[in-house]
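Quick notes on the structure that follows.
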Amino acid sequence: MADLRVVVVGAGPAGIRAAQTFVEAGLRPIVIDEGNASGGQIYRRQPAQFRRSYETLYGFEAKTAKAIHDTFDRLVGQVDYRPETLAWNIYDGAVHTMRDGVAHKIPFDALVLATGATDRLLPIKGWTLPGCYSMGAAQIALKAQACAIGRQVVFLGTGPLLYLVSYQYAKAGADVAAVLDTSALSGQIHALGLMTSRPGLLAKGLYYRAQLLARGVPVHNGVTPVEIEGTDQVEAVRFRTRSGAERRVACDAVGMGFHLRSETQLADLARCAFVFDEDLAQWRPETDSDGRASVKGIYLAGDGARVLGADAAEKSGRLAALAALQDLGLPVAVRRMDVLRREQQRMEQFRRGLARAFPWPAELARAVADDVLVCRCEAITAGELRSTATLKGAPELNRAKALSRVGMGRCQGRYCGSAAAEILADVRGERVEAVGRLRGQAPVKPLPLSAVRGAAS
Amino acid sequence: MENASADNAADVIIVGGGLMGASAAFFLRKRGRSVILLERGLIGQQASGTNFGNVRRQGRYLTQLPLAHRSREIWSRLPELIGEDCEFVPSGHLRVCFTQEQAGRLENYAHDAKAYGLELEILSANALRSRFPYVGHEAIAGSYAPLDGHANPRLTAPAFGRAARREGASVEENAEVLSIGKVGEDFHVETRDRGTFRAPTILVTSGAWAGAMSSRFGEPVPLVARGPQMGVTEPLPYRIAPVLGVSSPLDLETVYLRQVTRGNIVFGGGNRGPVDLEACRAYVDPENTLNQMPQLRRLLPGIAAVRIIRVWSGVESYLPDDLPIMGPSEKVSGLFYAFGFCGAGFQVGPAVGDVMAELIDTGRTSLPIDAYRIGRFAQQKAA
Ligand SMILES: Cc1cc2nc3c(=O)[nH]c(=O)nc-3n(C[C@H](O)[C@H](O)[C@H](O)COP(=O)(O)OP(=O)(O)OC[C@H]3O[C@@H](n4cnc5c(N)ncnc54)[C@H](O)[C@@H]3O)c2cc1C
Ligand SMILES: Cc1cc2nc3c(=O)[nH]c(=O)nc-3n(C[C@H](O)[C@H](O)[C@H](O)COP(=O)(O)OP(=O)(O)OC[C@H]3O[C@@H](n4cnc5c(N)ncnc54)[C@H](O)[C@@H]3O)c2cc1C
């Protein structure tokens, strides 16, 4: 049994709980994370020489953050932890990693992918100006480096992070010039029913909003972004209010994001089957209730499987590891799995509530003006994508990529994929699922050509 | 069986819409033949759309040079013929080698190629350094083909497909051929969900999947499907005009690269990867990517500072003598084949369509294709 090879990619809450579960079963998992410290997104650690308290850094989540950090710290010696290591491919039952220009191949009997999520973005005129950041980047700057992305910041988009990050900025003393939410307040109120399954989270969301209002931060719901203005740098955001009036807010930075998208490249490279998620209008790897993917030996947990938030990530990490142990023929507490499964279902209902409260604004993506860049890596405008689709014919997204280069750059379509799919579907007069999804291609992130093979481990 | 209406009957049905099928459709229309092109997926989605993009004559078997010349001439005329250049740039092609023995081979090839109308410049180590200073110093000699170059494979076959359609061909995508049967003088071609098509002449250009079809006509061939391994770097300032390649008897050393004007360096070579004919996909073995890295650094040391952003492969088919199959069936009249291009069909693709159109239209070809007879393997077996 000691020579069973179990691997976890991602040392966020999901990956840490999965690793812990493997250790409890007497295994020594390999834990791979590209970050330099464990904790993942929400419980991202500050650099060693920084001395902010858990309360300052994580607010309501301080206790959980500490628990997660301590758990992983106690696992030292019992896990083979490989930080600053990119899992760049999965092939033939092995994970391929790159650390500091050294490549390793790690064969596995079971692999838990706990790769988290990234911001879901869509192009807005001016979004390529310096000073425009993703919501996540804005938060990372604050969390990891204790800096703000600007002096006067507009947060634009939708999703729970919109309010959380705005609040964190305001609390840290930044001037939050406005919070612009594309979702209508009425939708958020309607979705409340679904979200009561997790009253704690719901209360936090309301708290952030109330705090922003109390600090005099203008919060607008149901907005239509018009343009991020500026010549060499962000200077203002223009938008239309719900009633159609045009407004302009001066600022020197914008944090934008439209909820999250699961980081699914590795699952795709492992040839897992995907399903279209109607609620989120995006594709995700197919899993059973425990996190088993369609490919034997591969398990998905946390936001990388479906965006359910940090608490659910912990539970799904445990559940996925238990499922793996079960499939490996090791004894597991079936009751414990049942409990976790039930809790996941409760989370699932909350997730649907969130998706309804903060819907993906497909119509904004479909309406992007022709001169706006959609694909930043390859500098492809919405107009070029539309004319390719019309003149050359592209019934699905990979064809549009082949003919127009959209999604062909180093981000692998993470930034432009959602919007490109909407634009293509719009041109074709189809639903977005009809144009498919960009196929994942290795490497997950760029690989140095200076790389060498490491000694066998 | 349903009745074939005028819509699903034509002079020629082409099975498989890669570059071979698409260019044949175009040239058959130019000759006034009515054409139906049936493609399982989208035009140029397989080998023709995923290849490296080398428009290279040097290094081909000498006997293939007439076909390659004919194609090179078509490549220059693409804008007038099909309305776009497919990013073809005749920016030169440079092969380098690491051993004296191989340098001798390059020299011999250059000497022999001259008689076939291909002018190559043999470069000493010093000449390499001064003309192509970015090439690694392990290279001791080179052979330069000034008029070869590269093009964008993703654009080429679809462009031929659209041009064929404009010329009046009926180009059917998502039309997988399930069976081909001969009924009297006509072939009946059964498709998945798209009904039956009828023609007195069939051209099989279904690439790696053609072996299964020729077998059903009693002409099996030892076709092997493999996937050459490709990759591309992040974009850099445009500096490298020619396609660069290593000439070596070792597969592992045989890497090649080209910089596109947008700046990315596309590369490939080394060992090939596996193919799944059922799934219609070829895969990149990560070990191959890692093996390519030191070889690419030998060829172009500066590449060590760059990063790979994407790798891919494509389904290509090979025959034991490294030559394709082109010509009429030797068992069934009205049936023609053009497949198995052994990793080198992109450059010759436009001429393959032209020559097959000529063969089907006139019963003969103005350049020799006898070396590509399908019967050559049957003879071997018998011997
Ligand atoms: C930028 C950002 C900020 C967020 N902030 C909050 C917040 O403040 N509050 C909140 O409730 N939720 C937040 N979320 C949502 C949050 O992601 C989840 O609640 C929670 O972190 C999910 O945990 P996880 O373990 O699934 O993934 P994560 O915590 O995201 O952990 C995934 C880990 O996988 C690693 N990884 C991914 N791919 C690879 C690879 N190929 N190779 C190696 N390592 C890899 C990453 O480095 C990361 O450490 C945030 C999300 C994002 C994207
Ligand atoms: C990765 C790679 C790199 C290469 N690099 C180069 C290079 O640099 N230079 C060069 O000259 N050559 C190169 N080649 C070779 C070149 O790409 C091929 O020889 C050429 O494209 C073959 O064209 P084709 O039309 O015969 O095949 P394909 O392009 O494969 O077309 C065959 C078509 O038939 C269709 N088909 C199959 N079965 C059916 C059916 N039952 N019904 C309907 N349709 C069907 C397929 O869907 C496919 O579209 C490379 C090949 C690959 C894969």
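Laboratory data are not the source of any read-out in this text; all were calculated from the coordinates shown. This structure is a prediction, so every number in the text was calculated from the model and none was measured. Positions of Cβ are backbone-derived with ideal geometry, glycine not excepted, and every protein chain shown enters the neighbour counts.
Values as computed for the structure displayed
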quantity: Tally of Lys pairs whose C-alpha atoms are under 17 Å apart, taken over chain A, 8 or more apart or cross-chain; calculated: 9
quantity: Crossing angle, helix B:345-362 versus chain B [Cα axis fit, 0-90 degrees, rounded to tens]; calculated: 30 degrees
quantity: Chain A, relative contact order in percent, only Cα pairs under 8 angstrom and at least six apart counted; calculated: 19 percent
quantity: Extension gain (nm, one decimal) between B:S34 and B:E138, 0.36 nm per residue minus Cα-Cα; calculated: 32.0 nm
quantity: Rounded to 10°, Cα long-axis angle of helix B:153-166 versus longest principal axis of chain B; calculated: 30 degrees
quantity: Free-standing Cys residues across chain A, given no other cysteine C-beta under 4.7 angstrom; calculated: A:C132, A:C147, A:C251, A:C272, A:C377, A:C411
quantity: Lys/Arg +1, Asp/Glu -1 at C-beta; the stretch A:121-258 dipole; positive extreme among A:L121, A:Q168, A:C251; calculated: A:Q168
quantity: Chain A: calculated mean residue ellipticity at 222 nm from DSSP helix runs of at least 4, using -39500 (n - 2.57); calculated: -10500 deg cm²/dmol
quantity: Rounded tilt (10° steps) of A:334-357 against the dominant C-alpha axis of chain A; calculated: 10 degrees
quantity: Shielding by partners - mean other protein chain Cβ count within 10 Å, residues of B:280-287; calculated: 5
quantity: In order through the stretch A:401-410: 3J(HN,Hα) via Karplus (6.51 cos²θ - 1.76 cosθ + 1.60), integer Hz, x for Gly, Pro; calculated: 5, 4, 8, 10, 6, 5, x, 9, x, 6
quantity: Mean Cβ neighbour count within 10 Å, used as a protection proxy, ranking A:154-166, B:314-326 highest first; calculated: A:154-166, B:314-326
quantity: Cβ charges +1 (Lys, Arg) and -1 (Asp, Glu), total dipole of the protein assembly as shown, debye; calculated: 1640 debye
quantity: Computed log₁₀ I(q)/I(0) - Debye formula, equal Cα scatterers, no solvent, the stretch A:338-457, q 0.11, 0.12, 0.16 Å⁻¹; calculated: -0.51, -0.58, -0.80
quantity: Within 10 Å of each Cβ in A:14-27, the average number of Cβ atoms from other chains; calculated: 0
quantity: Net charge, A:P83 excluded, C-beta distance under 10 Å - Lys, Arg +1, Asp, Glu -1; calculated: -1
quantity: Shielding score for A:96-104, defined as the mean number of other chain Cβ atoms within 10 Å; calculated: 1
quantity: Calculated P(r) tail over 37 Å for chain A, as whole % of Cα pairs; calculated: 24 percent
quantity: Where only C-alpha atoms are counted, convex hull volume of the protein assembly as shown per residue in Å³; calculated: 193 Å³
quantity: Where labels lie 7 Å past Cα in the beta-carbon direction, separation of B:Q100 and A:F276 in nm; calculated: 6.6 nm
quantity: Among B:179-192, B:341-354, the order from most to least packed when residues are scored by Cβ within 10 Å on average; calculated: B:341-354, B:179-192
quantity: Simple spin-label estimate for A:R376 and B:R262 in nanometres, 7 Å along Cα-Cβ; calculated: 1.8 nm
quantity: Extended-chain gain in nm, criterion 0.36 nm per residue less alpha-carbon gap, A:K171 and A:D73; calculated: 32.3 nm
quantity: Three-way shape label, the stretch B:1-122, alpha-carbon gyration tensor, a/c 1.5; calculated: prolate
quantity: Global geometry of the stretch A:121-258, whether rounded, prolate or oblate, following the gyration tensor of its Cα atoms and the 1.5 cut on a/c; calculated: oblate
quantity: Rounded FRET efficiency, nearest 0.05, which uses the C-beta distance separating A:S387 from A:R151 and R0 of 41 Å; calculated: 0.55
quantity: Simple label model, 7 Å out from Cα along Cβ direction - A:S243 to A:E363, nm; calculated: 1.9 nm
